[in-house]
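One structure is given here, and the rest of the page talks about it.
The values are calculated or read from the model by the stated rules, or taken from the named source; none is laboratory data. On a predicted model such as this, the values are computed, not experimentally measured, just so you know. Because the Cβ atoms are built from the backbone with ideal geometry, glycine has one as well, and the counts that use them run over all protein chains shown.
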């Protein structure tokens, strides 16, 4: 699997080694997901990190993230494969960064009553540096569709 990892220009706070570490974190995320290893996925978060997934479900804390992913890997994501296709990083301070992470996924199933699972999306991650390690403090996942122009006149409905 080829992961394309790109970073936006620095805003003067992070060393190149920090950006490399954040890109590596994204590679680790895909690898843990593709092994369906909830513990390894959750370990990428701070102890009080949180996730808002594509359905708007909010999981708080590493323990709940791990528990919910364990449940999801039983059926919904059992055969899923995550590919990270792009990473843009903006540092806000030497210990805080924002990453926009584009991804694609194959093999996911929809939970009962939910729309079909996304095939691509964007994660917004707030990252913090704890010692020498970068961890995800907050994670918002959004489905992504190709961008289209806004209508310039009334939209006809039938």
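Reported count of residues in the stretch 69-104, each being within 20 Å of residue 132 (Cα to Cα) and touching a strand residue (DSSP E or B) at 6+ places or on another chain (Cβ under 8 Å), is 10. Scanning the stretch 112-127 for residues that are touching a residue at least 24 places away in the same chain (Cβ under 8 Å) and either surrounded by 14 or more Cβ atoms within 10 Å (Cβ to Cβ) or within 19 Å of residue 42 (Cα to Cα) (or both) returns 117, 118, 120, 121, 123, 124, 125, 126, 127. Has the stretch 131-139 got at least one residue that is modelled with pLDDT under 95, outside any strand (DSSP E or B), out of contact with any strand residue (DSSP E or B) (no Cβ under 8 Å at 6 or more places or on another chain) and under 17 Å from residue 45 (Cα atoms)? Yes: one or more hits. Beta carbons closer than 7 Å, at least 6 apart along the sequence or on distinct chains, pair a first residue in the stretch 128-145 that is under 30 Å from residue 116 (Cβ atoms) with a second that is assigned to a loop (DSSP other than H, G, I, E, B) for 136/44; 141/53; 141/54; 142/54; 143/54; 143/118. It is to be established whether one or more residues within the stretch 25-43 are closer than 17 Å to residue 130 by Cα, modelled with pLDDT of 95 or more and assigned to a loop (DSSP other than H, G, I, E, B). So far as the stretch 25-43 goes, yes, one or more of its residues are closer than 17 Å to residue 130 by Cα, modelled with pLDDT of 95 or more and assigned to a loop (DSSP other than H, G, I, E, B).
The listed residues are 55, 25, and the only one of them that is under 12 Å from the mean Cα position of the chain (by Cα) and within 19 Å of residue 140 (Cβ to Cβ) turns out to be 25.
Summed over the stretch 67-86, residues that are outside any helix (DSSP H, G or I) and either within 16 Å of residue 51 (Cα to Cα) or touching a residue at least 40 places away in the same chain (Cβ under 8 Å) (or both) total 10.
The number of residues in the stretch 44-56 that are more than 21 Å from residue 133 (Cβ to Cβ) and surrounded by fewer than 13 Cβ atoms within 10 Å (Cβ to Cβ) comes to 1.
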